[in-house]
Amino acid sequence: MIEETFSFHNPGQELANYGVLRKDVDEVCRRVDTIGKAIEELGHKIGQPLYRLQDISEYQVVVVWPVADGTGIERVTRFTDPQSGYRLSWGAWCNSLNDSDREGLPLDAYNQARLYFDFRLVPLPVADLHGLCQRLGDEDYLPLGALTQFKKTHLYTVLTGHSDERKFGTLREHRKSKRAREAQDWYATVTGKSVAVGQRLARCLTELQLPSSYEQEVRCEHGRIVADIHTERGTQMQRVVLTELKLLSSHETTPSHIRDQIRSTLRKYAQFAGFIPRQ
C-alpha cells in the first residue's frame with residue numbers, strides 16, 4: 001500500500017528511483033505504528049542528499065545490447081523503461097534476482113550507482129550495427145550512407161543526451177527481411193570483437209560531432225575502468241558517456257544473461273564510484 005501510494009503521487013515512479021528500497025520500507029514499518037507515520041518517515045528518507053550526489057557526476061553509463069530479432073528486443077527492453085530513454089528499470093532487474101542474491105548483494109550500492117550514473121540499457125538492432133561496421137579491418141573506411149540511418153536509432157538519441165525530449169516508438173526488427181537476415185549472419189562473425197566494433201563506432205560518432213575514443217581508460221580516486229567507447233558531449237551536466245558494448249551471441253540474449261551482465265556492470269561502477277570497496 002505504501003509503495004503504491006508513492007508511485008501514484010509520483011507519476012508511476014518506483015521508490016527505488018528515490019534511493020529507497022523495499023528493505024527500507026520493511027524496516028520503517030517494523031518501527032512505527034501506523035501507515036501515516038511510515039509514509040512520513042519514508043518521505044524524509046527521500047529528502048536525503050542522493051540527488052545532490054547524482055548532480056555532481058559528469059559520467060553517464062550506457063550499456064548497448066545488439067539484438068537480432070523481435071525476441072531479443074523484447075528480452076532486453078523488459079529490463080528498461082523505453083519511454084524515459086531506456087533507463088534501467090530497478091524493479092524489473094531486482095525482481096529477476098533469486099532470494100539469495102536479494103539478500104546477499106549490496107543492492108543499496110548498486111541502486112546508488114544506477115542513479116548516480118543515470119544507467120541506461122539500449123537495444124540496438126544488428127542491422128543498424130551491420131551498416132556501420134563493414135570492413136572493420138580498414139581504419140580509413142567510413143560508411144557515410146549508414147551514418148544517416150544510425151542518426152535515426154534510439155541509441156544515437158540517447159548518446160546525444162536528448163532522449164527525454166522525445167517519445168521512443170516501438171523498436172522492431174523484421175526477422176524475415178533480407179536486411180535483417182544478412183545482418184544476423186554478419187553479427188555471428190563479430191560477437192566478442194568489442195574492440196574492433198568500438199573503434200568503428202567511436203569514429204562514426206566523432207564524424208557525427210560527438211568526439212569519441214575507444215578502449216579509453218578513466219581514473220578516479222577509487223580506481224579505474226576502461227570504457228569500450230568514451231564520448232564527449234560538451235557542455236551538458238553529464239558531459240561524458242561511457243558506453244559498454246555487449247556483443248553477445250543471440251542465444252546468450254536470455255533473461256538470465258541480461259540480468260547477470262547488468263549485475264556485473266552495476267558492480268563495476270559501484271566500485272568505481274567508491275560505493276563498495278574493491279576486493
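The values are calculated or read from the model by the stated rules, or taken from the named source; none is laboratory data. Owing to the predicted nature of the structure, the values given are computational and were not obtained by experimental measurement. Note: ideal-geometry Cβ built from the backbone for every residue, glycine included; neighbour counts use all protein chains shown.
Can you say whether Arg120 is at pLDDT 90 or above and either crowded, with 23+ Cβ neighbours inside 10 Å or of a type in the set (A, V, I, L, M, F, W, C) (or both), as far as the supplied structure shows? For Arg120, the condition - at pLDDT 90 or above and either crowded, with 23+ Cβ neighbours inside 10 Å or of a type in the set (A, V, I, L, M, F, W, C) (or both) - is met. Suppose the filter is part of a loop (DSSP other than H, G, I, E, B), touching a residue at least 60 places away in the same chain (Cβ under 8 Å) and more than 30 Å from Asn98 (Cα to Cα); does Gln238 pass it? Yes: the conditions hold for Gln238. Total residues in the range 136-172 satisfying the condition of being of a type in the set (Ser, Thr, Tyr), over 20 Å from Glu232 (Cβ atoms), at pLDDT 90 or above and assigned to a loop (DSSP other than H, G, I, E, B): the figure is 0. A single member of Thr243, Thr231 is surrounded by 15 or more Cβ atoms within 10 Å (Cβ to Cβ), modelled with pLDDT of 95 or more, closer than 15 Å to Thr160 by Cβ and more than 14 Å from the chain's Cα centre (by Cα), and it is Thr231.
Let's see how each residue does on (1) touching a Phe, Trp or Tyr at 6+ places or on another chain (Cβ under 7 Å); (2) in the same structural domain as Ala183 (by TED's automatic domain parsing); (3) within 17 Å of Thr191 (Cα to Cα):
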{"residue": "Ala113", "(1), (2), (3)": "yes, yes, no"}
{"residue": "Arg120", "(1), (2), (3)": "yes, yes, no"}
{"residue": "Val126", "(1), (2), (3)": "yes, yes, yes"}
{"residue": "Leu132", "(1), (2), (3)": "yes, yes, yes"}
{"residue": "Asp138", "(1), (2), (3)": "no, yes, no"}
{"residue": "Pro143", "(1), (2), (3)": "no, yes, no"}
{"residue": "Ala146", "(1), (2), (3)": "no, yes, no"}
{"residue": "Phe150", "(1), (2), (3)": "yes, yes, no"}
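Here Gly198 passes the criteria (1) more than 21 Å from Asn111 (Cα to Cα); (2) more than 17 Å from the chain's Cα centre (by Cα); (3) touching a residue at least 24 places away in the same chain (Cβ under 8 Å) except the one numbered (2). Of the residues Ala68, Ala38, which is modelled with pLDDT under 90, touching a Ser or Thr at 6+ places or on another chain (Cβ under 6 Å) and among the hydrophobic types (A, V, I, L, M, F, W, C)? The conditions single out Ala68.
For (1) out of contact with any Gly (no Cβ under 7 Å at 6 or more places or on another chain); (2) among the hydrophobic types (A, V, I, L, M, F, W, C); (3) assigned to a helix (DSSP H, G or I); (4) over 24 Å from His162 (Cα atoms), each residue gets a yes or a no:
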| site | (1), (2), (3), (4) |
| --- | --- |
| Gln184 | yes, no, yes, yes |
| Thr191 | yes, no, no, yes |
| Val195 | yes, yes, yes, yes |
| Arg203 | yes, no, yes, no |
| Ser213 | yes, no, no, no |
| Glu217 | yes, no, no, yes |
| Ile225 | yes, yes, no, yes |
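Could we say that Ser89 is within 15 Å of the chain's Cα centre (by Cα) and at pLDDT 90 or above here? Taking the combined requirement at face value, the residue satisfies it.
Per this entry, Asp108 is counted among residues that are in a helix (DSSP H, G or I), assigned by TED's automatic domain parsing to the domain that holds Trp65 and under 23 Å from Tyr59 (Cα atoms).
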